[in-house]
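The values are calculated or read from the model by the stated rules, or taken from the named source; none is laboratory data. These numbers come from a predicted model, not from an experiment. No Cβ is skipped: glycine too gets one built from the backbone with ideal geometry, and neighbour counts run over all protein chains shown. Just so you know, the surface numbers come from the protein's heavy atoms only, side chains and all, with ligands and any DNA or RNA stripped out. Shrake-Rupley method; radii C 1.70, N 1.55, O 1.52, S 1.80 Å.
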Amino acid sequence: MKIHINTDHGTISPYSIFLLLSLAAGTAVIIRLCIRRGITLRKSLLLAAMIPPMCISCAAAFAFVTSGGRIIGFASIGAAAGVYISALLISLIWQTPGERAILLQNCTFAMPLMYGIAKVGCFTAGCCHGICYDGLLCVRYTGKRIGDICVFPVQLMESVVFIAIFIAGMVFLKKHDIHSVQKVAILSAAAKFVLEFLRKSHSHRALSIEQAICLLVTIVCLINMKKSQKRQKVTAKSVTQ
């Protein structure tokens, strides 16, 4: 069974639609989390207004710089950086104690959803496509821009995995798991790292820049979790004594 997608779309590209949907869904989640966690509506709305332009500009800049000026497009790592930069700027405008961490955490919870929806757009456009594959559920792309190829549906797999991570993050948050942010970050970084191997653009290199960043994020989060667990044990001992 093959999935056939003609990338010669009409006036409105599905990629653009899903990109806008990902930004809208992500900012809506961030606004809701901010208000639930004590951030004022004014700050939440300003953050929501900053995220789309920062996300798009940083995604384009990251793709252009890391490709040596060869690629005009969007990179997910750059988009994530844009979201975090927006949160940091808001925290600098209103320097309220404790709010910076909450803003960054809320962005972390929302980003798997943003990435998952955006990847549906990539799937319809054929960009970031998978390795050559002609087996079950392979994707056959046709069109003037991409040619006629059969590949692994890595973008679709990314969508399913990252939306699942988003749902898991919401469950962690509802259960008041103190390591929920680190768990979401680790799951996202690990998924991105592994799925990169199934992408065609990765076939001629051992490790991509994106994978190196994912490894760094995973290590930092694991160290942070370990330190937090040690502090909990010390606190528990001091209480019982």
Next on the checklist: Among the residues of the stretch 175-226, what is the count of those that are outside any helix (DSSP H, G or I) and in contact with a strand residue (DSSP E or B) (Cβ under 9 Å, 6 or more places away or on another chain)?
Outcome noted: 3
Next on the checklist: Please pick out the residue among Ala49, Ala87, Ala110 that is assigned to a helix (DSSP H, G or I), surrounded by fewer than 14 Cβ atoms within 10 Å (Cβ to Cβ) and aliphatic (A, V, I, L, M).
Outcome noted: Ala49
Item to check | Residue satisfying all of: in the stretch 33-63; β-branched (Val, Ile, Thr) and under 16 Å from Leu104 (Cα atoms); farthest from the chain's Cα centre (by Cα) among these | outcome: Thr40
Item to check | Any pair with Cβ under 8 angstrom, 6 or more apart, that starts in the stretch 191-206 at a residue that is at pLDDT 90 or above and ends at one that is in a helix (DSSP H, G or I) and of a type in the set (S, T, N, Q) | outcome: Lys192/Ser76; Lys192/Gln211; Phe193/Gln211; Phe193/Thr218; Glu196/Gln211
Item to check | From Tyr84, Tyr115, Tyr141, residue being over 21 Å from the mean Cα position of the chain (by Cα), at pLDDT 90 or above and not polar (S, T, N, Q) | outcome: Tyr141
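A quick yes/no check of all residues on (1) more than 29 Å from Gly135 (Cβ to Cβ); (2) among the polar types (S, T, N, Q):
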site: Pro153; (1), (2): no, no
site: Glu158; (1), (2): no, no
site: Ile165; (1), (2): no, no
site: Ile178; (1), (2): yes, no
site: Ser188; (1), (2): no, yes
Checklist outcome for this item: Residue pairs within 8 Å by beta carbon, gap of at least six or interchain, first lying in the stretch 146-164 and touching a residue at least 24 places away in the same chain (Cβ under 8 Å) and in a strand (DSSP E or B), second open to solvent by less than 10 Å² (accessible area, probe 1.4 Å) and β-branched (Val, Ile, Thr), listed first then second, are Cys150/Val139; Val151/Val139
Next on the checklist: Can you pull out every residue in the stretch 1-17 that is open to solvent by 60 Å² or more (accessible area, probe 1.4 Å), of a type in the set (A, V, I, L, M, F, W, C) and at pLDDT 80 or above?
Outcome noted: Ile17
Checklist entry - Which residue, of Val161, Val217, Val194, is open to solvent by 70 Å² or more (accessible area, probe 1.4 Å) and under 23 Å from Ala118 (Cα atoms)? => result Val194
Checklist entry - In the stretch 68-84, what count of residues is obtained for those that are open to solvent by 40 Å² or more (accessible area, probe 1.4 Å) and outside any helix (DSSP H, G or I)? => result 5
Checklist outcome for this item: Restricted to the stretch 117-156 and to residues being closer than 18 Å to Leu20 by Cα and out of contact with any strand residue (DSSP E or B) (no Cβ under 9 Å at 6 or more places or on another chain), the residue surrounded by the most Cβ atoms within 10 Å (Cβ to Cβ) is Ala118
Checklist entry - What do you reckon, is Val171 within 25 Å of Met1 (Cβ to Cβ) and either open to solvent by 30 Å² or more (accessible area, probe 1.4 Å) or part of a loop (DSSP other than H, G, I, E, B) (or both)? => result no
